[in-house]
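For reference, the structure discussed in these notes is given below.
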Amino acid sequence: MKKINNNVVVCLDQHGEELVAFGKGLGFQKVPYELTDMTKVTMTFYKLNYQYYQLLKEIPTEIFD
């Protein structure tokens, strides 16, 4: 895990995929540590695979509206 600030960390999920996790006080702990209380996580962001991004571009904008 890498601290960005007290509320944002870069970490690995249970499958080894890197993600950015947001949550109050997530970055306070001494690293490395394992986050066991998932209720602290309010938002996560995964890196989008380029192939998925290309597929999204093929969906008509009317569907998203």
Open item on the list: Any residue at all in the stretch 21-37 that's touching a residue at least 12 places away in the same chain (Cβ under 8 Å) and under 10 Å from the mean Cα position of the chain (by Cα)?
Closed with: yes
Open item on the list: I'd like to know if the stretch 30-43 contains one or more residues that are touching a Lys or Arg at 6+ places or on another chain (Cβ under 7 Å) and among the charged types (D, E, K, R).
Closed with: yes
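If you check Lys2 against the conditions, is it open to solvent by less than 100 Å² (accessible area, probe 1.4 Å) and of a type outside the set (Gly, Ala, Ser)?
Details: open to solvent by less than 100 Å² (accessible area, probe 1.4 Å): no; of a type outside the set (Gly, Ala, Ser): yes.
Spelling it out, it is not the case that Lys2 is open to solvent by less than 100 Å² (accessible area, probe 1.4 Å) and of a type outside the set (Gly, Ala, Ser).
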Open item on the list: It is to be established whether one or more residues within the stretch 50-64 are open to solvent by 100 Å² or more (accessible area, probe 1.4 Å), under 14 Å from the mean Cα position of the chain (by Cα) and at pLDDT 85 or above.
Closed with: no
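The values are calculated or read from the model by the stated rules, or taken from the named source; none is laboratory data. Quantities reported herein were computed from a predicted structural model and do not represent experimental measurements. We place every Cβ from the backbone using ideal geometry, glycine too, and count neighbours over all the protein chains shown. Remember, those area values only see protein heavy atoms, side chains included, never the ligands or the DNA or RNA. Shrake-Rupley method; radii C 1.70, N 1.55, O 1.52, S 1.80 Å.
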